[in-house]
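Contents: one structure, followed by commentary.
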Amino acid sequence: MNIHITTYRLTPYLPLDRKTVTDTGLIREITSKLIRAGRNAPGIKEVDVSLFYNHGADGKNRVGYPLIIYHDFGSHYCITGINEGAVALSALAGLYKRSFRSGSFLFPGFKKEEETEVEPKICPGSDFRYRLIKWMPVHHNDFSRFARMSYAEKVSQLNLKLLKHIESELNRDLKLGLENPETEITDVLSAYPEPVNYKGYKYPVYDIEFCSNAVLSRWLTLGNNKSLGFGRIEPL
């Protein structure tokens, strides 16, 4: 199954004494304001803007794989749209091609970073290499038990979690149809010294490298809080 992925970059003009933006909370808030301001534009009326939020048009929490993903790169943001999300994102970006202000921030407009049509698939016998950035593999309910494990036990659990995330999130939720995927972590690049606290819950965060027989696309994310850009896949 082919998937359509479109990513736009947003780079705020920052004061000289401020080198980085904050987190994806800011860009999600700004995006929400832009949607409200452009809600009567013909292009926006024709797309599902609820994809930009963690709840559907009916007000219920959204389940399944997010079709809009927010990324924080420190000096700039990126927003990725997948399939229907790519259509909605392109409609929004089309309204703000030129500079716009939101609160105290000035942006030079949406700039297209990448647009691809990808066919994720299994290639038996192949070992494609990937990096997984700021991956949250462990649910907050399991944090205490995971923290008590030895390093070898943790890596073993991470291998199991990685395969589970590909099977459940990419196959079940995104319906990519990857039959018999295989994965193996080849390197744990870093374990962040402090867990990330999100909505009062603690999540351990890792950067890893892994190999797989699956062809996976850049900009997809795996694990907990993937709509916020955690667990971003980078092909090597």
In order through region 172-184: 3J(HN,Hα) via Karplus (6.51 cos²θ - 1.76 cosθ + 1.60), integer Hz, x for Gly, Pro: 6, 7, 8, 6, 7, x, 7, 8, 6, x, 10, 9, 8
Amide hydrogen neighbours beyond the local backbone of Lys112, cut-off 5 Å, H modeled: Arg9
Trypsin sites (Lys or Arg not before Pro) within region 143-236, DSSP loop, no more than 16 other Cβ atoms inside 10 Å: Arg148, Lys175, Lys199, Arg218
Charge dipole (debye, nearest 20) of region 87-236; +1 at Cβ of Lys and Arg, -1 at Cβ of Asp and Glu: 780 debye
Relative contact order for the chain, counting Cα pairs under 8 Å that sit 6 or more residues apart, in percent: 25 percent
Neighbourhood charge, 12 Å Cβ-Cβ cut-off, centred on Leu162 and excluding it, Lys, Arg +1 and Asp, Glu -1: -3
Computed over the chain, Kirkwood Rh from alpha-carbon pairs, angstrom: 18.8 Å
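Rule-based calculations on the coordinates, nothing more; no lab input. If you're wondering where the values come from, they're calculated on a predicted model, not measured in any experiment. Here Cβ is always computed from backbone atoms with ideal geometry, including for glycine, and neighbour counts include all displayed protein chains.
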